1. Hey, rough spin-label estimate for GLN113 and LEU11, points 7 angstrom out along Cα→Cβ, what's it come to in nanometres?
2. Taking only the alpha carbons of region 44-100, what extent do you get along each of the three principal axes, in Å, biggest first?
3. Using the Kirkwood radius built from alpha carbon pairs, what does the Stokes-Einstein equation give as D for region 71-118 at 25 °C and 0.890 mPa s, in µm² per second?
4. TYR96: net charge of surrounding residues, Cβ under 13 Å, Lys/Arg +1, Asp/Glu -1, itself excluded?
5. Which whole-Hz ³J(HN,Hα) couplings does region 105-113 yield from phi under the Karplus relation 6.51 cos²θ - 1.76 cosθ + 1.60, θ = phi - 60°, glycine and proline marked x?
6. Based on Cα positions only, what radius of gyration and what Dmax would you give for the chain, in angstroms?
7. Which order do the peptides 40-50, 17-27, 92-102 take when ranked by the mean count of other beta-carbon atoms within 10 Å per residue, highest first?
8. Largest first, how would THR54, THR65, THR115 line up by accessible area (1.4 Å probe)?
Amino acid sequence: QVQLVESGGGLVQPGGSLRLSCAAAGSDFSINDMGWYRQAPGKQRELVVIITRTSNAAYADSVKTRFTVSRDNARNTVYLQMNSLNPEDTAIYYCYARIKERAGNSWADYWGQGTQVTVSS
C-alpha cells in the first residue's frame, strides 16, 4: 500500500515562509499528477496547486504569486515553497497524488495525512 508522508508545517508569522514536502512511500507504483490542497476551519477543502509529471503547474489565484511547487520524480516527492504567508493561508495542507499500484491496476487518488500551517503573530 502506497502512503503519502508529509512534513514541514508549523507556525509562522505573517510575511514569513514555509516549505512543505510530501513523499510517496511504497513499492511497485507509478505517479501521475501530484499537488496540494488545503482546508481551513469551517471551509471546504480547496485546491492549492497541481503539478504534472512533466512539471506543468496550475495554481489557485490566491497563491500563484507567492507559492511555488516542484517535484522530484526520482524521489517520488513534491514540494511546496510558501512565501509571503498571511493569516488567510492558515489551514491543514494535504498532499495529493494520482497513483497506480502495480501494472494493470487503475489509477486512484491518494492523500496525505495533512499538516497544519498556522500564520499568526
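1. Label at GLN113, label at LEU11, 2.1 nm between them.
2. Taking max minus min along each principal axis of the Cα atoms, region 44-100 gives 34, 22, 17 Å.
3. So the translational diffusion coefficient is about 188 µm²/s.
4. On the way: positive: ARG38, ARG45, ARG71, ARG98; negative: GLU6, ASP33, GLU46, ASP109.
Value of the local net charge: 0.
5. So the J values, rounded to whole Hz, are 7, 8, 6, 9, 8, 10, 10, x, 7.
6. In order Rg, Dmax, the Cα atoms of the chain give 14.2, 50 Å.
7. 92-102, 17-27, 40-50
8. Heavy-atom accessible area, descending, gives THR65, THR54, THR115.
The values are calculated or read from the model by the stated rules, or taken from the named source; none is laboratory data. These figures come from a predicted structure and were not determined experimentally. Neighbour counts run over all protein chains shown; Cβ positions are idealised from the backbone, glycine included. Ligands, DNA and RNA are excluded from the accessible area calculation, which covers all protein heavy atoms including side chains. Shrake-Rupley method; radii C 1.70, N 1.55, O 1.52, S 1.80 Å.
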